Amino acid sequence: MTAVSTDIEPTGYDRQAEKKWRRRSLVALAILLPLTLAEIGYDSVREWLHGEDLIAMDVDFGQSVPFGGSDWRLADLRGGKAGRLPEHAFAVIATFSVTVRDPDLQKQWLGCKVMLTDVAGRRWLPDFISGVSLPDGVMNCTSAIFSGAKKGDVITVGETFIVPEDAVKTIRPAVGLGSERPWYLRFQRPPK
C-alpha cells in the first residue's frame, strides 16, 4: 500500500490564479445579485401600479372628462334608507353619463371599477341590496362593456352601494379603468 499525500498540488496548478478568480466571482455576485433583485422588484412594482387605483384625478360636478376612450360625467348621486339594510347603513346609487369615443370598450374598460371614497380614505365597492335596483336604462360596468355601444353613443353607467351613516356626507364617486391605472377619476359631489 502506498499513502497519498494531500500536500502535492497537481501539475500546472496556480494557486494565485484560483484566488484571483474566486475574488472576481465574489465581486460579480455582489454586483449581479442586487441588480437581479432590482429587476424583479421593478417588474412587481410596475404590475402593482397597473393593477391598483392609486392616483386620483379630481373632477368637478357636471364636468365631463376623457378617460379610457370615453367622456365621463357624474350624472347623479343619491341615497337613503332602503331595502333591508343594517342599522346605521345607507343605500347609495351613483350614476354616470358616458359618451363613447372608442367603441372597443372590452379593451378600454377592462377592469372597470365604480367605487365610493370618503375623506378618511375608505373605499366601498358595489353591493347587491335587496329591494334596491338601478334605474331603468342604467347599466353596470360589465353590461356596458358588452352592450355593443358605438362611437358617439351616450350610455348611463351606475352601481349601488352600502355605506355607513358616518360616511354619507363625505362620500365621492370614483371610476377606475384598467387602461388608465394607476390613475382614477374622483368626482365632486352634486351641490345641495
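Any residue at all in segment 157-169 that is more than 22 Å from P66 (Cα to Cα) and assigned to a loop (DSSP other than H, G, I, E, B)? Yes, the conditions are met somewhere in segment 157-169. Quick check: anything in segment 136-146 more than 15 Å from G176 (Cα to Cα) and touching a Lys or Arg at 6+ places or on another chain (Cβ under 9 Å)? Checked segment 136-146: no residue is more than 15 Å from G176 (Cα to Cα) and touching a Lys or Arg at 6+ places or on another chain (Cβ under 9 Å).
Among residues of segment 121-138 that are in contact (Cβ under 8 Å) with a residue 24 or more places away in the chain, those with a beta-carbon under 6 Å from a residue that is among the basic types (K, R) and in a loop (DSSP other than H, G, I, E, B) at least six positions away or on a different chain give the pairs S130/R84. Within segment 98-127, take every residue that is among the polar types (S, T, N, Q) and buried (at least 16 other Cβ atoms within 10 Å of the Cβ) and give me the one that is nearest to R189 (Cα to Cα). Looking at residues that are among the polar types (S, T, N, Q) and buried (at least 16 other Cβ atoms within 10 Å of the Cβ), I get T117. Within segment 170-192, the residues that satisfy the criterion of being in a strand (DSSP E or B) and charged (D, E, K, R) are R172, R186. Across segment 167-192, the qualifying residues are those that are out of contact with any Phe, Trp or Tyr (no Cβ under 9 Å at 6 or more places or on another chain) and either β-branched (V, I, T) or farther than 21 Å from S97 by Cβ (or both), and the one among them that is surrounded by the most Cβ atoms within 10 Å (Cβ to Cβ) is R181.
Checking each residue in segment 144-179 for being in contact with a helix residue (DSSP H, G or I) (Cβ under 6 Å, 6 or more places away or on another chain) and in contact (Cβ under 8 Å) with a residue 60 or more places away in the chain picks out V157, S179. I'd like to know if segment 87-97 contains one or more residues that are assigned by TED's automatic domain parsing to the domain that holds V157 and assigned to a loop (DSSP other than H, G, I, E, B). Within segment 87-97, one or more residues are assigned by TED's automatic domain parsing to the domain that holds V157 and assigned to a loop (DSSP other than H, G, I, E, B).
For segment 48-77, filtering for residues that are modelled with pLDDT under 90 and assigned to a strand (DSSP E or B) leaves 2.
The values are calculated or read from the model by the stated rules, or taken from the named source; none is laboratory data. As the structure is a prediction and not an experimental result, all values here were calculated from the model. We place every Cβ from the backbone using ideal geometry, glycine too, and count neighbours over all the protein chains shown.
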